[in-house]
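Reading through the structure tokens given below for one structure.
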Amino acid sequence: MTVEAIQFLNVTKKYGEFAAVRDLSLKVSPGEIFGFVGPNGAGKTTTIRMMTGLATPSSGSLTILGMKYRDDNLQIKQNLGYIPDRPYLYEKLTGREYLEFIYGIYSMNGNTEGVDHYLSMFDLVPWSGELIESYSHGMKQRLAFSAALLHEPKVLVVDEPMVGLDPKGVRLIKELFRDLARKNVAIFVSTHNLEMAEQVCHNIGIIHEGQLLVCDTIDGLRKQASLPDSRLEDIFLRLTNEEIR
Amino acid sequence: MTIQIHRKGANGFREFLRLYRNTLYHYLFPVRWRVYLPLLFLLSLAAGLLSIEFIGFRKVFQYMNSLQDLTVIIVQFLLQRFLGLIFLISYSMVFMSSIINGLSTFFLSENLSFLHTLPVPRWRILFLKFIETWIISCYLVLLFLACFLASYIHTFNLPFSRYFLCAALLIVFTLSPVALGSAMVTILIRFFPARRIYQVVTLIGGIFLAALMIAVRMMRPELLLNPKDTDDFVRLIKDMTFPSLNHLPSTWASEVVIGGNYSKGIFLLLFTIGTLVLLAIVQKIFYQRAYIQSQESRTLREKPSGKTRRTVHRGKIASLILKELKIFTRDATQWSQLLLLAALVVVYLINIKNLAIQMESVRWVVSFINLGLAGFVLAALSVRFLFPSVSSEGRCFWLIRTMPLSFRTLLWCKYLIYFPPFLLFTQMLVYFSNRILEVPPFFIALSMLNIFAVSFALTGLAIGVGALMPNFRTDHPSKIAVGPGGVLYMLISFAYLAIMLMIQIRPVWFWVIERSDELQNYLYVSAAIILTLIVALVPMELGARQLAKREYL
């Protein structure tokens, strides 16, 4: 039996009386790139926080690789990589020291080349000895990617991956996602970049006002929106506008 | 097609001021009531300290006023020297402080990039930034001087108008060091990298304050409160004053206060205007380039030749400890705090030495009370360094929260890092103070064992309460320390120290004075050990559980 990488079952998250996410059910399988799109304040970041253990669901069930946070907290974290939209990192460490710190915390045995591999992949080698406080936003984002991939996670959760990245970086990330998916890594991407979602994601979920409106392949979404041959942007606007009306 | 240019914004100075007013309003009247708790605590503490200052200086002035065997001129001369010294120290402190604060307000402040895009002339922004620097740099000195001068005017029954004269004098007097400090920092930033300047200036500030603390202590100002005779008093005043120069703002200020010498007041006013003009010229010439320079030095300007090296394999605990040590040692503000800590030790030992107690039994009592005082020093230090250690993860808390790392491990790693230096510090403090007091070796050993337990407990308490009530939104450790959690920690640690002393009076009495032993003593010692373990371990465990439950918002 295949275990789903991420599974939400009727999950609701409330802050006081306000429900940020309502009755959310979705699955992401290993090797799948799942795009999560929605307007501002729709509940994307709350959903991500629940997946990464930064917030706890008020009701419903959430499993990562078949495990629940309450029972297998450290086991889930060992297999999960997370890249936040604003990469707050330890500013007084150098890029290399930061990765070495991550490397030590995840207690990786053997793969000592990982740090150099990712520094090189994200063009950070020349600046690896500089303090992070002197990095630009894009460089911090690339370092956050390196840190999240260093321990070879089975599930990767990414919040707005393209913010601050240059065109070369954007292409690199797209290729990286495809490559990781081929290696059976499940990727959950929350984004406003609909073009990227259309190009890269196998399945796309649209969330609005805390509720998942639709969840399907891009072709499936076209059918549901009755917009054949149209782009994700049109589908997104049609579906969310209808809801607003 | 024509483009309309809006010119109204250039006159929008009121909106600009409103921005500051609203910020101040939200700062003073926060939504959450619990913010008032530390504010009230600090206000009460400040009121208490100012009252002590007022009464202390009043006593000194009353003594001066009562000197019958000295002529009025000599008394005035002594007063002038004394006031001159106070003004000189205050001037230097404001000057140093304005360099450090000016660096933040004029160059590193986050709101500058927004303010400089507003349609407001630059000089207006710089003017408000100067006022900001002035307030931050000298509000404490102003409070101190105001209390000092009020004490002087009150004791000598000077006319009420002297209060207004002194209020005006204080404003004029404190503006010039801030103007000079701001001008200096502008020139420094123009030619050197901002972060390097910040580190150097903070370090120099720390050295200056530490040296000042020791110098003031070595002058033994407490003797002024209880002089043996008139000659002794005159000698003390002379010893305290430096060979002062007559052409210093501090001397002018003292002459204005004592004799109501308006001509010196005009000197001071002209000097202050001169420094403000100097600041305006310096900022006109250097500010724009210096600001750009400070922004550029924040990011990498050229491609460095990053060398690759082999990754060293480390475990979780070693990685955490190494990270913590690197971050701590790379923060320049921590160095200056450590210097002040060293000065505090010196002052503490001088205080013990100055007691000069002859009777052996009294020395033993002082040595016993000294345990509580050393504990108090440790509590004050740990609220500044240990209590904020969890909060200092700040915005990186998301990383800790998503790592395969238990919070118990995190807290105990912090314990491992901070306990050894704090233990060494308290052991040295107690050892040397006991040597000065010349108490027997057995008593020294007992004291050191005792302070070991206190260090063990207070380290756990500080980290535990810091984890129970963290503040991830503030970057500066001293701001975290004065929050509600810091106040709670201080209250618990005072209670613990008091109980520890009370529990141990009986066994220490029997062992050291009576030199006898009985079973009950061991019960008291066991109670002290159990209390220490509870104070150390329970907050650590509760803190770890609280962090695990805490949601990241």
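Look at (1) within 14 Å of chain A (Cβ to nearest Cβ); (2) hydrophobic (A, V, I, L, M, F, W, C); (3) crowded, with 20+ Cβ neighbours inside 10 Å and you find that B:Trp335 fails only one, number (3).
Return yes when A:Leu89 is farther than 28 Å from A:Met196 by Cα and aliphatic (A, V, I, L, M) and no when it is not. So that I can check it myself, show each step before the final result.
Values: farther than 28 Å from A:Met196 by Cα: no; aliphatic (A, V, I, L, M): yes.
Criteria not met by A:Leu89.
When A:Cys201, A:Cys215 are checked against the criterion of being surrounded by 16 or more Cβ atoms within 10 Å (Cβ to Cβ) and within 15 Å of the chain's Cα centre (by Cα), a single residue qualifies: A:Cys201. Quick check on my filter: what residues within region A:56-94 are at the interface with chain B (Cβ under 9 Å from one of its Cβ atoms), assigned to a loop (DSSP other than H, G, I, E, B) and basic (Lys, Arg)? Correct list: A:Arg86, A:Lys92. When the criteria are applied in full, A:Glu175 meets the requirement of being of a type in the set (Asp, Glu), at pLDDT 90 or above and part of a helix (DSSP H, G or I).
Considered as a group, the residues in region B:495-547 that are of a type in the set (Asp, Glu) and farther than 22 Å from B:Gly372 by Cβ include one that is surrounded by the most Cβ atoms within 10 Å (Cβ to Cβ), and that residue is B:Glu541. Residues that are surrounded by 10 or more Cβ atoms within 10 Å (Cβ to Cβ), under 19 Å from B:Val487 (Cβ atoms) and at pLDDT below 75 do occur in region B:12-31, at least one of them. Does at least one position in region B:227-249 carry a residue that is surrounded by 18 or more Cβ atoms within 10 Å (Cβ to Cβ), assigned to a helix (DSSP H, G or I) and modelled with pLDDT of 85 or more? Taking every residue of region B:227-249 in turn, at least one turns out to be surrounded by 18 or more Cβ atoms within 10 Å (Cβ to Cβ), assigned to a helix (DSSP H, G or I) and modelled with pLDDT of 85 or more. Only one entry in A:Arg96, A:Arg70 is free of Cβ contacts under 8 Å to residues at least 24 places away in the same chain and out of contact with any strand residue (DSSP E or B) (no Cβ under 6 Å at 6 or more places or on another chain), namely A:Arg70.
A single member of B:Ile136, B:Ile153 is within 18 Å of B:Leu24 (Cβ to Cβ) and in contact (Cβ under 8 Å) with a residue 12 or more places away in the chain, and it is B:Ile136. Screening A:Gly210 against (1) on the phi > 0 side of the Ramachandran plot; (2) surrounded by fewer than 18 Cβ atoms within 10 Å (Cβ to Cβ) leaves a single unmet condition, (2).
Scanning region A:119-152 for residues that are buried (at least 16 other Cβ atoms within 10 Å of the Cβ), assigned to a loop (DSSP other than H, G, I, E, B) and within 11 Å of another protein chain (Cβ to nearest Cβ) yields A:Leu124, A:Ser128, A:Gly129, A:Glu130, A:Tyr135, A:Leu150, A:His151.
Would you call B:Thr275 modelled with pLDDT of 75 or more and at negative phi?
In short, yes.
Residues in region B:112-167 that are among the aromatic types (Phe, Trp, Tyr), surrounded by fewer than 18 Cβ atoms within 10 Å (Cβ to Cβ) and within 21 Å of B:Ser92 (Cβ to Cβ): B:Tyr139 alone. Set side by side, the residues A:Val158, A:Val163 differ, and just one is assigned to a loop (DSSP other than H, G, I, E, B), β-branched (Val, Ile, Thr) and touching a residue at least 12 places away in the same chain (Cβ under 8 Å), which is A:Val163.
In region B:522-553, which residue that is of a type in the set (Ser, Thr, Tyr) and over 11 Å from B:Ala453 (Cα atoms) is nearest to the other protein chains (Cβ to nearest Cβ)? Filtering region B:522-553 for residues that are of a type in the set (Ser, Thr, Tyr) and over 11 Å from B:Ala453 (Cα atoms), the one nearest to the other protein chains (Cβ to nearest Cβ) comes out as B:Tyr552. Residue count for region A:103-118, restricted to those that are more than 8 Å from chain B (Cβ to nearest Cβ) and assigned to a helix (DSSP H, G or I): 2.
So for region A:189-202 (the condition being modelled with pLDDT of 85 or more, touching an Asp or Glu at 6+ places or on another chain (Cβ under 7 Å) and farther than 26 Å from A:Arg86 by Cα), does at least one residue qualify? No, every residue in region A:189-202 fails to be modelled with pLDDT of 85 or more, touching an Asp or Glu at 6+ places or on another chain (Cβ under 7 Å) and farther than 26 Å from A:Arg86 by Cα. Put simply, of B:Leu399, B:Leu411 the only residue that is part of a helix (DSSP H, G or I) and either more than 14 Å from chain A (Cβ to nearest Cβ) or at pLDDT below 85 (or both) is B:Leu411.
The values are calculated or read from the model by the stated rules, or taken from the named source; none is laboratory data. Here the structure is a predicted model, which means the values were calculated and not measured. Cβ sites come from the backbone with ideal geometry, for glycine too, and all protein chains shown count toward neighbours.
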